[in-house]
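K.L.:
I'd like to ask you about the structure that follows.
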Amino acid sequence: MSQYQDDIQAASALKETNGSSWDAINPESVARMRAQNRFKNGLDIAQYTADIMRADMEAYDKDSSLYTQSLGCWHGFIGQQKMISIKKHFEGKTDRRYLYLSGWMVAALRSEFGPLPDQSMHEKTSVAALIKELYTFLRQADARELGGLFRELDAARDADDMAKASEIQDQIDNHVTHVVPIIADIDAGFGNAEATYLMAKQMIEAGACCIQIENQVSDEKQCGHQDGKVTVPHEDFLAKIRAVRYAFLELGIDNGVIVARTDSLGAGLTKQIAVSNEPGDLGDQYNAFLDCEEISPEDMKNGDVVINQGGKLVRPKRLPSNLFQFKAGTGEARCVLDCITSLNNGADMIWIETEKPHVAQIGGMVNAVREVIPNAKLVYNNSPSFNWTLNFRQQVFDAMAEAGQDVSAYNRDELMDVKYDGTELANTADEKIRTFQADGAREAGIFHHLITLPTYHTAALSTDNLAKEYFGEQGMLGYVLGVQRKEIREGIACVKHQNMSGSDMGDDHKEYFSGDAALKAAGEDNTMNQFS
């Protein structure tokens with residue numbers, strides 16, 4: 001017997017127990033409402049999605065072609081529509097497809113201060129609030145889809161088509177939820193380790209099964225693709241990783257996932273000299289990357305900071321900002337040390353923020369990590385901050401030149417020019433972009449590929465195109481051709497925007513509550529019927 005039938009029987013028994021005062025309660029309506037509310041709270045979601053993510057990580061360890069993907073979302077509707085589209089286009093399944101919650105988009109689009117740079121200046125609670133919102137919309141997508149199946153079931157029964165009714169009942173019993181894992185960005189923890197713990201708890205309670213945290217200084221935090229990044233010594237970062245783990249454990253999500261992000265590749269500065277108790281310890285390894293000059297005691301000046309490094313007295317280079325500088329060219333080595341240290345101290349995966357999408361560069365660092373931790377897995381930002389076209393055309397240009405091929409027809413600095421579209425170089429570059437995720441999964445240990453800000457850019461592009469047509473000569477035809485006709489012909493669910501907002505579900509509930517007296521919106525005069 002299905003859960004649906006079990007719930008009908010349970011509600012029937014409860015109704016009988018409560019006597020005549022419950023005569024108006026329909027047990028099947030109860031079962032339907034329970035099916036439409038599978039997840040009772042955020043912790044139910046966090047546990048369900050953590051189990052999915054852990055299974056996906058295990059599958060990837062056995063077969064690197066089973067990598068996962070996500071798109072960044074800044075509004076519940078964006079996430080909902082994305083998952084509806086995935087189910088529509090991929091046989092009703094959401095396998096290995098997640099959502100990403102970008103701190104950049106929260107700062108730029110969700111702060112009460114207005115648009116802000118990605119510097120952790122937005123309200124802490126806005127991150128957890130967006131997680132809750134995303135799952136509210138995804139749960140409504142479930143309820144909406146199931147509501148449609150219930151109406152189809154009723155129609156089949158009214159037509160006495162039991163075969164059709166059985167088919168629909170099977171779809172109800174095996175319904176695939178729109179709820180998927182969210183990888184949630186906690187930036188640098190928004191303060192000390194206690195602040196990180198408190199915020200992580202809020203995020204997990206909202207439904208997050210995976211939290212990504214970075215090794216920048218919290219009050220100096222910069223976007224990973226901008227200059228001026230400042231890292232913290234490893235022990236400071238590990239305290240925050242442990243804070244997130246304690247938050248998961250306190251709330252009973254024992255298999256919650258932590259992604260430790262290193263920004264060391266592009267961060268040439270540190271705010272602190274690490275504590276070192278003996279040569280070769282973690283603090284000593286961190287300090288070994290500092291840009292220092294050997295001095296004698298008489299060379300010391302007022303206010304100098306000096307350290308004993310390998311028996312030598314050295315003076316780290318300190319900038320007017322009171323920050324200390326790392327040696328040039330040490331970024332990759334620092335990334336490798338960051339990753340190994342994080343994975344050996346509680347993190348489940350790593351994230352290396354790079355300045356370009358280059359499989360060999362990423363793979364070189366991950367393979368160095370895998371010499372110590374063989375199953376190390378990477379979450380990688382397929383960032384819109386990269387000029388993908390130019391980067392890959394230049395990579396192909398360089399490979400052609402190195403192979404002795406004639407590249408005289410191309411100007412390396414101008415490869416973005418439309419005149420190169422359709423050339424052999426451009427086509428080769430596009431193919432490398434197409435296979436980048438599969439290549440990265442196979443050759444660079446990338447378990448999860450995400451695009452941080454895709455819906456920010458798609459919203460801007462589509463709005464620009466609509467404005468150009470609508471306010472121009474096309475007028476209303478600009479909207480009809482560019483939006484509505486495509487929605488109808490491509491089966492975009494939101495063309496029935498009343499249905500998407502919950503109108504039909506509200507009608508169902510009115511009927512449950514008021515019976516024949518219900519005043520429903522979905523009558524003959526509802527203009528949404530034009531899209532049936």
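The values are calculated or read from the model by the stated rules, or taken from the named source; none is laboratory data. Just so it is clear, the model here is predicted, and its values are computed rather than measured. Heads up, the Cβs are rebuilt from the backbone with ideal geometry, glycines too, and the neighbour counts pull from every protein chain shown.
The rows are residues; the columns are (1) within 22 Å of CYS494 (Cα to Cα); (2) modelled with pLDDT of 95 or more; (3) assigned to a helix (DSSP H, G or I); (4) not acidic (Asp, Glu).
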{"position": "MET121", "(1), (2), (3), (4)": "no, no, no, yes"}
{"position": "ALA141", "(1), (2), (3), (4)": "yes, no, yes, yes"}
{"position": "LEU146", "(1), (2), (3), (4)": "yes, yes, yes, yes"}
{"position": "LEU149", "(1), (2), (3), (4)": "yes, yes, yes, yes"}
{"position": "LEU153", "(1), (2), (3), (4)": "no, yes, yes, yes"}
{"position": "ARG157", "(1), (2), (3), (4)": "no, yes, yes, yes"}
{"position": "GLU167", "(1), (2), (3), (4)": "no, yes, yes, no"}
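K.L.:
Quick one: VAL336 ticks every box in (1) modelled with pLDDT of 95 or more; (2) more than 16 Å from THR262 (Cβ to Cβ) bar one, so which box is it?
P.N.:
(2)
K.L.:
Also, quick follow-up: Find the residue count for the range 171-190, including only residues that are under 12 Å from ALA260 (Cα atoms) and among the acidic types (Asp, Glu).
P.N.:
2
K.L.:
Quick one: which residue in GLN69, GLN81 is assigned by TED's automatic domain parsing to the domain that holds PRO374, surrounded by 18 or more Cβ atoms within 10 Å (Cβ to Cβ), polar (S, T, N, Q) and in contact (Cβ under 8 Å) with a residue 60 or more places away in the chain?
P.N.:
GLN81
K.L.:
Same structure again: Yes or no: ALA467 under 30 Å from SER383 (Cβ atoms), over 23 Å from the mean Cα position of the chain (by Cα), surrounded by fewer than 15 Cβ atoms within 10 Å (Cβ to Cβ) and among the hydrophobic types (A, V, I, L, M, F, W, C)?
P.N.:
Yes: the conditions hold for ALA467.
K.L.:
Additional query: Looking at this structure, is GLU487 among the acidic types (Asp, Glu), over 27 Å from ARG393 (Cα atoms) and surrounded by 14 or more Cβ atoms within 10 Å (Cβ to Cβ)? Full working, then the answer.
P.N.:
On the way: among the acidic types (Asp, Glu): yes; over 27 Å from ARG393 (Cα atoms): yes; surrounded by 14 or more Cβ atoms within 10 Å (Cβ to Cβ): yes.
Considered against the rule, which asks whether it is among the acidic types (Asp, Glu), over 27 Å from ARG393 (Cα atoms) and surrounded by 14 or more Cβ atoms within 10 Å (Cβ to Cβ), GLU487 comes out as yes.
K.L.:
Report yes if some residue within the range 455-470 is closer than 26 Å to PRO384 by Cβ, in contact with a Gly (Cβ under 7 Å, 6 or more places away or on another chain) and touching a residue at least 24 places away in the same chain (Cβ under 8 Å); otherwise report no.
P.N.:
Checked against the condition, which is being closer than 26 Å to PRO384 by Cβ, in contact with a Gly (Cβ under 7 Å, 6 or more places away or on another chain) and touching a residue at least 24 places away in the same chain (Cβ under 8 Å), the range 455-470 yields at least one hit.
K.L.:
Return the residues of the range 347-382 that are at pLDDT 95 or above, in a loop (DSSP other than H, G, I, E, B) and touching a Lys or Arg at 6+ places or on another chain (Cβ under 7 Å); say none if nothing qualifies.
P.N.:
Of everything in the range 347-382, just one residue is at pLDDT 95 or above, in a loop (DSSP other than H, G, I, E, B) and touching a Lys or Arg at 6+ places or on another chain (Cβ under 7 Å), namely ALA376.
K.L.:
Return the total of residues in the range 348-385 being free of Cβ contacts under 8 Å to residues at least 60 places away in the same chain and within 20 Å of the chain's Cα centre (by Cα).
P.N.:
1
K.L.:
Let me ask something additional. Could you run through the range 304-359 and say how many residues are of a type in the set (Asp, Glu) and farther than 25 Å from ILE373 by Cβ?
P.N.:
Filtering the range 304-359 for residues of a type in the set (Asp, Glu) gives 304, 332, 338, 348, 353, 355.
Still in the list and also farther than 25 Å from ILE373 by Cβ: 304.
Within the range 304-359, residues that are of a type in the set (Asp, Glu) and farther than 25 Å from ILE373 by Cβ number 1.
K.L.:
Let me ask something additional. What pairs come out if I take residues in the range 189-210 that are under 16 Å from GLU235 (Cβ atoms) and pair them with residues that are part of a helix (DSSP H, G or I) whose C-beta lies under 6 Å away, six or more apart or interchain?
P.N.:
Pairs found: GLY189/THR196; GLY189/SER218; GLY189/LYS240; ALA193/ALA239; ALA193/LYS240; ALA193/ALA243; THR196/LYS240; THR196/ALA243.
K.L.:
Restricting the search to the range 39-55, which residues are buried (at least 21 other Cβ atoms within 10 Å of the Cβ) and either hydroxyl-bearing (Ser, Thr, Tyr) or touching a strand residue (DSSP E or B) at 6+ places or on another chain (Cβ under 7 Å) (or both)?
P.N.:
Selection gives THR49, ALA50, MET53.
K.L.:
Can we say GLN474 is of a type in the set (S, T, N, Q) and either touching a Lys or Arg at 6+ places or on another chain (Cβ under 6 Å) or modelled with pLDDT of 90 or more (or both)?
P.N.:
Yes, satisfied.
K.L.:
Of (1) under 30 Å from ILE446 (Cα atoms); (2) outside the structural domain of GLN140 (by TED's automatic domain parsing), ASP63 satisfies all except one. Which?
P.N.:
(2)
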